[in-house]
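Each remark here refers to the structure printed beneath this line.
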Amino acid sequence: MQQRFSPERGPQEPLSFSPQDRPDGSFELPDEIGRLTLQRQDSRNKIVYSDWNLTFAREICAKRPDNSGRDEIQVIFNLNQPIEWQVDAGRETVKMLPGEVCVFRNNDCQTSMHYGSRVQFQFKSLQLATGYFEELLSQYFPARQIDECKALFLTHVTKTAITQDMYRVLSEIGGAEKYQDFKSIFLDAKMRELLALVLYGISHNRTELSPRWKSGIPAAAKADFIRLEKLRQNIQCRPEDDYRAQDLAQRLSMSESKLTRLFRALYGTSLHHYVQEKRLEKAASLLSTGSVNVSEAALKSGYTNMSHFSKEFQKKFGLPPKQFGRQNPGKC
């Protein structure tokens with residue numbers, strides 16, 4: 001996934017880019033190439049989490065000639081488009097369907113992906129050094145099981161379906177900012193949890209990798225999962241918008257009861273509660289800048305009832321909004 005772009009190339013020629021060119025992992029593409037949004041979280045336990053959202057203006061073969069000398073485990077969650085991934089200079093081709101997670105050891109080999117024109121691709125990924133992965137195995141498993149895990153995860157590409165628990169943890173990592181000073185320890189725990197869920201899923205479902213999405217889960221269900229993940233991302237980015245379940249259900253072509261049931265199943269909380277959490281987090285962030293008063297922070301976060309806002313804010317953060325803003329300058 002780590003590549004470097006050259007905008008002069010033809011539509012079928014390899015291009016590459018490196019998101020690590022910037023300290024925060026962000027990257028911008030020239031308009032003639034397309035759009036890329038990348039958010040990266042680095043945990044203290046040596047695992048890197050990345051959230052990719054990219055659309056190319058024309059067909060692109062994105063190629064990485066090597067891994068810059070690194071030996072690492074890559075875990076890729078494919079959220080919304082089928083894609084072919086060429087591994088080890090094309091000697092292994094992996095077809096990734098929406099809703100699949102793939103584990104691959106990149107020991108400095110050549111990889112490439114083909115992206116269609118004007119199609120939005122969404123991935124989330126974990127990266128960790130192979131040595132650290134082996135260290136984790138030695139901490140938690142007996143020798144026999146360690147050998148089995150190494151044979152399964154270090155010698156070829158393996159994949160399975162993204163489970164509801166994996167979707168939940170991906171969502172929790174995306175919302176880690178709300179934990180403020182405790183964000184680092186929260187991310188460490190959640191990245192390990194996500195890795196454990198992936199290893200368990202592959203170990204116990206490896207005989208039904210791709211077919212699990214083709215036949216085990218109907219296409220309509222996959223489409224529902226993708227639409228709900230897009231909704232969750234919208235809430236996270238713009239919690240102040242109107243998210244009445246009745247209107248959302250109509251836009252998503254499902255019943256209100258189905259929407260609320262699936263949202264809770266995927267993310268472990270109700271749609272209403274998730275929206276309120278994100279609104280309160282935005283209000284806390286605005287108050288911490290010191291540039292807005294309590295009423296402005298509430299309105300910008302989607303609240304019109306100041307009394308209700310103050311009550312819910314204090315319940316979540318333990319302080320009235322005004323006092324929180326004075327005691328937490330610059331923390332959000």
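Counting the residues of the range 106-116 that are touching a Phe, Trp or Tyr at 6+ places or on another chain (Cβ under 7 Å) and at pLDDT 80 or above gives 1. Just one of the numbered conditions (1) touching a Leu at 6+ places or on another chain (Cβ under 9 Å); (2) surrounded by fewer than 19 Cβ atoms within 10 Å (Cβ to Cβ); (3) of a type outside the set (S, T, N, Q) is not true of GLY99: (2). In the range 100-148, the residue that is farthest from LYS230 (Cα to Cα) out of those that are of a type in the set (Ser, Thr, Tyr) and outside any strand (DSSP E or B) is SER138. Looking across ARG58, ARG40, one residue alone is outside any loop (DSSP other than H, G, I, E, B), at pLDDT 80 or above, open to solvent by 50 Å² or more (accessible area, probe 1.4 Å) and not β-branched (Val, Ile, Thr). It is ARG40.
For the range 170-194, the tally of residues that are open to solvent by 60 Å² or more (accessible area, probe 1.4 Å) and hydroxyl-bearing (Ser, Thr, Tyr) stands at 1. A single entry from THR260, THR269, THR289 fulfils the requirement of being in contact (Cβ under 8 Å) with a residue 24 or more places away in the chain and of a type in the set (Ser, Thr, Tyr): THR289. Applying the set (1) open to solvent by less than 50 Å² (accessible area, probe 1.4 Å); (2) over 27 Å from PHE123 (Cβ atoms); (3) not aromatic (Phe, Trp, Tyr) to SER257 leaves exactly one unmet item: (1). Per the listing PHE263, PHE225, the residue uniquely over 27 Å from ALA298 (Cα atoms) and in contact with a Phe, Trp or Tyr (Cβ under 8 Å, 6 or more places away or on another chain) is PHE225. Regarding ILE146, is this residue farther than 28 Å from GLU172 by Cβ, open to solvent by less than 50 Å² (accessible area, probe 1.4 Å) and not aromatic (Phe, Trp, Tyr)? The answer is yes for ILE146. Filtering the range 123-156 to residues that are more than 21 Å from the chain's Cα centre (by Cα) and basic (Lys, Arg) leaves ARG144, LYS150. For VAL94, are the conditions met, namely being part of a strand (DSSP E or B) and modelled with pLDDT under 80? Here the answer is yes, as VAL94 does meet what is asked. Might you check whether a residue that is of a type outside the set (A, V, I, L, M, F, W, C) and at pLDDT below 80 occurs anywhere in the range 130-139? Checked against the condition, which is being of a type outside the set (A, V, I, L, M, F, W, C) and at pLDDT below 80, the range 130-139 yields no hits at all. Of all residues in the range 227-254, those being under 21 Å from MET166 (Cβ atoms), surrounded by 16 or more Cβ atoms within 10 Å (Cβ to Cβ) and not acidic (Asp, Glu) number 7. Each residue in the range 276-320 was checked for being of a type in the set (A, V, I, L, M), buried (at least 21 other Cβ atoms within 10 Å of the Cβ) and under 29 Å from GLU256 (Cβ atoms), and 3 pass. The residue of the range 160-169 that is surrounded by the fewest Cβ atoms within 10 Å (Cβ to Cβ), among those that are under 15 Å from the mean Cα position of the chain (by Cα) and of a type in the set (Ser, Thr, Tyr), is THR163.
Applying the selection to the range 116-175, what residues are of a type in the set (Val, Ile, Thr) and in contact (Cβ under 8 Å) with a residue 24 or more places away in the chain?
VAL119, THR130, THR155, VAL157, THR158, THR160, ILE162, THR163, VAL169, ILE173, listed by residue number.
The values are calculated or read from the model by the stated rules, or taken from the named source; none is laboratory data. Bear in mind the structure is a predicted one, so any value in this text is a computation, not a measurement. Quick reminder, even Gly has a Cβ in these numbers, built from the backbone with ideal geometry, and neighbours come from all protein chains shown. Accessible surface areas use protein heavy atoms only, side chains included; no ligands, DNA or RNA. Shrake-Rupley method; radii C 1.70, N 1.55, O 1.52, S 1.80 Å.
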